[in-house]
Amino acid sequence: MRDVMRVVAKLLGLVATLLVLPASFGAPAQSQKAGGTLKIYNNSNPPSASLHEETAISTIMPFMAVYNNLVLYDQQKPHSGVDTIIPELATAWSWDDSRTKLTFKLRPGVIWHDGKPFTGRDVQCTFYRLNGREPDYLRRNPRGIWYSQIKDITLNGDHEVTVHLTQPQASLLAMLASGYAAIYPCHVSGRDMRVKPVGTGPFKLAEFKSGESIRLVRNTDYWDNGKPYLDAIEWRVVASRSTRILAFVTGEFDMTQAADITVPLIGDILKQAPKAQCNLLPTNVTTQMLINREKPPFDNPELRQAMALVLDRQAFIDILTNGRASLAVSMMPPPEGVWGMPESELRKFSGYSSDVTERRAEARQLMEKQGYGVNKKLKVKVTTRDYNTFRDPAILLVDQLNQIYFDAELDVIESSLWYTRLFKRDYSVALNLTGSGVDDPDAVLKMFFSCKSDANYSKYCDANVEKLLDQQSQEGEFEKRRALVWDIERILVRDVARPIIFHGKQATCLHPHVKGVVQHNNSIYNNWRFDAVWLDR
């Protein structure tokens, strides 16, 4: 673990020197003003308020402020890493010599929003639900694989818990610091947590009107004295991109939703609102093609290989992001990403070569072997979510597939139903965007490619990959673990497990009176506690 810390520290230093734009907005901490309502839009209706059951930014950004974690990535640091993890409901933690027991001392005097006391029993309940010991609580459990090595949580009084692992897991603390790692109360049902959640966080839910709006109000009993500074945060669901951008420009909203602003739109916003601050950063979100391996004819590996070969990734990057997005596989690429492959390694993959014409000729030959051609095209619907950052690349994917004897058309699904479709694997081919929130192989590779993961949308399962996933998870030495990760990535590309098209870069914009917002440069999911945000009107 010390080796990991040293390497990560070096990489974080490198990241800091390479950032083009600042990752923070606002003024020094000593000048905060209390009061006021922060107004933000949400681009789609959150399926629920239950962080453990959802995966979209439309849920995590408005509802993360309702909850607390045991530990959290520092909200005032621009990079979420192992060296920026700070206490929250836990005040201290320590590993035993075997690295299979992690003990947390808990913060006394914390109360839930309904007035009941927080204790170690709530921590135990949360992880029993996540690791399957209470299987009926969560409707779905996309990150359950993160906690699959937790065999028990034991209590030592009300304010100390020990997490017992079946084997060492180098990533556990990093995942516990994610914005998605909220602690839930034992006494509130899963049904209620979806619509009227109870947390210990800086804000309470006052109103959740599905499809319309969300209102959070200041938790006056918050354990961190003096915080939050805001009286309230109001969100309004605005599906139309042009409508929500116009509303931001005219001052109806103080801030855009995280990463909602594409590279081409930044210039338009700044022309109309020249004082606005728009921060373009990597999102650690991949745009990817999903292929349902269980549905004929897509159970044919040669057909899937042809689909991978047709991809012109650079065209996606140039058209959608003016060349600013990054070529990558599953793990976030450097310099912001710690585990990702450099481009020199990616170019060794056949599907990443620059000669698109040659690759597409090979793809047509593979299609012809399956009986397809000019007079017999493969009809398919490319399913995607009704949201601009999904629809736009999906249109390009349809066009590229049609270069190799496909007769593809777009099938757009209402946004709040999208992830239900994915979890049910109710698609043949899909264009999806996915982010895990944590730059760690367990949080990304295990979540999306383990045979046992609910978020393995394409049902990919390989015994060798499963073994390597388990091996890297236990490895505490950084260089050895990264080598295993790269081995896994090579197999995933070879097997067309879930072709990654690119890693995105998008912007979050706000007006200059919004202070204290610090955007992370390696995730859009971990920095929305809002406890240190204030308004300088």
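Just for the range 285-297: of the residues that are touching a residue at least 60 places away in the same chain (Cβ under 8 Å) and assigned to a loop (DSSP other than H, G, I, E, B), which one is farthest from the chain's Cα centre (by Cα)?
Ranking the candidates gives 297 first.
Looking at the range 90-112, which of the residues that are assigned to a strand (DSSP E or B) and of a type in the set (Ser, Thr, Tyr) is nearest to residue 72 (Cα to Cα)?
Ranking the candidates gives 91 first.
Name, by its number, the condition in (1) part of a loop (DSSP other than H, G, I, E, B); (2) in contact (Cβ under 8 Å) with a residue 60 or more places away in the chain; (3) surrounded by fewer than 19 Cβ atoms within 10 Å (Cβ to Cβ) that does not hold for residue 133.
Here residue 133 meets the rest and fails (2).
Please note which helices (runs of 4 or more DSSP H) are completely contained in the range 298-410 and include at least 2 residues that are touching a Pro at 6+ places or on another chain (Cβ under 7 Å) and in contact (Cβ under 8 Å) with a residue 40 or more places away in the chain.
It comes to 301-309, 313-321.
Going by the structure shown, is residue 374 buried (at least 19 other Cβ atoms within 10 Å of the Cβ) and among the aliphatic types (A, V, I, L, M)?
It is false that residue 374 is buried (at least 19 other Cβ atoms within 10 Å of the Cβ) and among the aliphatic types (A, V, I, L, M).
For the range 216-270, name all the residues that are charged (D, E, K, R) and not in a helix (DSSP H, G or I).
Answer for the range 216-270, where residues must be charged (D, E, K, R) and not in a helix (DSSP H, G or I): 218, 221, 224, 227, 231, 234, 236, 252, 254, 260.
Scan the range 363-391 for residues that are among the acidic types (Asp, Glu) and touching a Ser or Thr at 6+ places or on another chain (Cβ under 8 Å) and jot them down. Spell out the reasoning first.
At the first step, the residues of the range 363-391 found to be among the acidic types (Asp, Glu) are 368, 386.
Within the range 363-391, just 386 meets the criteria.
Could you check the range 411-432 and list, in sequence order, the residues that are surrounded by fewer than 20 Cβ atoms within 10 Å (Cβ to Cβ), in contact (Cβ under 8 Å) with a residue 40 or more places away in the chain and closer than 14 Å to residue 142 by Cβ?
420, 423, 425
Take residue 115 and decide whether it is under 18 Å from residue 199 (Cβ atoms), in a loop (DSSP other than H, G, I, E, B) and more than 28 Å from the chain's Cα centre (by Cα). Lay out the reasoning, then the answer.
Working: under 18 Å from residue 199 (Cβ atoms): yes; in a loop (DSSP other than H, G, I, E, B): yes; more than 28 Å from the chain's Cα centre (by Cα): yes.
Yes: the conditions hold for residue 115.
For the subset of the range 320-339 comprising residues that are under 17 Å from residue 82 (Cβ atoms) and out of contact with any strand residue (DSSP E or B) (no Cβ under 8 Å at 6 or more places or on another chain), which member is surrounded by the most Cβ atoms within 10 Å (Cβ to Cβ)?
331
When the residues of the range 134-176 are filtered to those that are among the β-branched types (Val, Ile, Thr) and under 24 Å from the mean Cα position of the chain (by Cα), which remaining residue is nearest to residue 50 (Cα to Cα)? Give the derivation first.
First, the residues of the range 134-176 that are among the β-branched types (Val, Ile, Thr): 145, 150, 153-154, 161-163, 166.
Then keep just the ones that are under 24 Å from the mean Cα position of the chain (by Cα); that gives 145, 150.
Working: 145: 17, 150: 21 Å.
The residue in question is 145.
State yes or no: is residue 264 in contact (Cβ under 8 Å) with a residue 12 or more places away in the chain, within 24 Å of the chain's Cα centre (by Cα) and not assigned by TED's automatic domain parsing to the domain that holds residue 147?
When the stated conditions are applied, residue 264 passes them.
Mind checking whether some residue in the range 517-529 is among the polar types (S, T, N, Q), in a helix (DSSP H, G or I) and either within 29 Å of residue 68 (Cα to Cα) or modelled with pLDDT of 95 or more (or both)? Before the answer, list the steps.
Of all residues in the range 517-529, those among the polar types (S, T, N, Q) come to 519, 521-523, 526-527.
After this cut, where a residue has to be in a helix (DSSP H, G or I) as well, the list is none.
Among the residues of the range 517-529, not one is among the polar types (S, T, N, Q), in a helix (DSSP H, G or I) and either within 29 Å of residue 68 (Cα to Cα) or modelled with pLDDT of 95 or more (or both), which makes the answer no.
Go through (1) closer than 26 Å to residue 395 by Cβ; (2) among the β-branched types (Val, Ile, Thr); (3) surrounded by fewer than 20 Cβ atoms within 10 Å (Cβ to Cβ) one by one and return the number of the condition residue 493 breaks.
So the condition that residue 493 fails would be (3).
Going through 55, 91 one at a time, which residue ends up being surrounded by 21 or more Cβ atoms within 10 Å (Cβ to Cβ) and either free of Cβ contacts under 8 Å to residues at least 12 places away in the same chain or under 27 Å from residue 204 (Cβ atoms) (or both)?
Values: 91 fails: surrounded by 21 or more Cβ atoms within 10 Å (Cβ to Cβ).
That would be 55, the only listed residue that is surrounded by 21 or more Cβ atoms within 10 Å (Cβ to Cβ) and either free of Cβ contacts under 8 Å to residues at least 12 places away in the same chain or under 27 Å from residue 204 (Cβ atoms) (or both).
So which of 60, 85 ends up being at pLDDT 50 or above, crowded, with 22+ Cβ neighbours inside 10 Å and at negative phi?
Within the list 60, 85, the selection yields 60.
When the range 444-479 is examined, which residues are found to be of a type in the set (A, V, I, L, M, F, W, C), buried (at least 17 other Cβ atoms within 10 Å of the Cβ) and in a loop (DSSP other than H, G, I, E, B)? Working first, answer last.
Kept after step one, since they are of a type in the set (A, V, I, L, M, F, W, C), are these residues of the range 444-479: 444-445, 447-449, 451, 455, 461, 463, 465, 468-469, 478.
Those still in the list that are buried (at least 17 other Cβ atoms within 10 Å of the Cβ) too: 444-445, 447-449, 455, 465, 468-469, 478.
Scanning the range 444-479 gives a single hit, 455.
Quick grid of which residues meet (1) among the hydrophobic types (A, V, I, L, M, F, W, C); (2) over 16 Å from residue 114 (Cα atoms):
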position: 158; (1), (2): no, yes
position: 161; (1), (2): yes, yes
position: 169; (1), (2): no, yes
position: 174; (1), (2): yes, yes
position: 188; (1), (2): yes, no
position: 192; (1), (2): no, no
position: 204; (1), (2): no, no
position: 212; (1), (2): no, yes
position: 215; (1), (2): no, yes
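The values are calculated or read from the model by the stated rules, or taken from the named source; none is laboratory data. Everything quoted here is computed from the prediction, not taken from an experiment. Please note: Cβ atoms are built from the backbone with ideal geometry, for glycine as well, and neighbour counts cover all protein chains shown.
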